[in-house]
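Just so it is clear, none of the values below were taken in a lab; they were calculated from the coordinates. The shown structure was predicted, so the numbers you read here are calculated from the model rather than taken from an experiment. A quick note on method: Cβ atoms are made from the backbone with ideal geometry, for glycine too, and the neighbour counts reach across all protein chains shown.
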Amino acid sequence: MSRIGKQPVALPDGVSASLSGQTIEVKGPKASKTFTATDDVTITIDDGQVTVEPRGKSKRARQQWGMTRTIIANLVHGSREPFKTELEIHGVGYRAQVQGNIVKLNLGLSHDVDFEVPEGVTVTAPKPTELVVEGYDKQLVGQVAANIRDWRRPEPYKGKGIRYKGEYIFQKEGKKK
């Protein structure tokens, strides 16, 4: 039994959900999103709650059960308030600045990196060494943050690079004489 899948998703005030076939549409004050579930689960909406049940006892049905419930919960949360991921830039001379829809990254490469932000996500730089990625789609926010981080991942000897806020980088010991 999926502990996550068993829990119903509550619809708060101002958020409504409608179901047509396997497609659920969640409308809220800030955004409206849709998700199409696989045929392995059954989605029902009643009394301000969305419940997900597996069809059958197959392994795939049980996998889709918890995942579908979590995606629906993220749709409900994202329809009310944005998701936010914060990045920190460590290293001498490493910095970032946002110019409209483009993030300019100076990461010690021979050239500056121009990262184009996709639609539906906003990136701000409160400090030259910090980036904040915000949006109403959790998957898209996480993917954009991961793509920015991939330009210079934290290295284990000096800890230089782009990391998530609060991420711990295990420091290795250098060579000994």
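Values computed for the structure shown
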{"read-out": "Kirkwood Rh and Cα Rg combined as Rg over Rh, evaluated for the chain", "value": "1.10"}
{"read-out": "Inverse mean reciprocal Cα-Cα distance (Kirkwood Rh) of the range 3-78, Å", "value": "12.3 Å"}
{"read-out": "Farthest positive-ward along the range 83-164 dipole, Cα basis, beta-carbon charges - from V144, L107, V117", "value": "L107"}
{"read-out": "Size of the range 83-164 as Cα extents on the principal axes (Å, biggest first)", "value": "35, 24, 19"}
{"read-out": "Order of Y157, Y164, Y136 - criterion: other Cβ atoms within 10 Å of each residue's Cβ, fewest first", "value": "Y157, Y164, Y136"}
{"read-out": "Net charge of Cβ neighbours under 13 Å - reference R153; Lys, Arg +1; Asp, Glu -1", "value": "+1"}
{"read-out": "Residue pairs, from the table K84/K158; K104/K172; K84/K160; K84/K165, whose Cα atoms sit over 19 Å apart", "value": "K84/K158; K104/K172; K84/K160"}
{"read-out": "Cα-based equivalent ellipsoid of the range 82-123: semi-axis lengths in Å, sorted from largest, via gyration tensor", "value": "21, 14, 7"}
{"read-out": "Nearest-0.05 FRET efficiency for H111 and Q143, computed from C-beta distance (R0 22 Å)", "value": "0.40"}
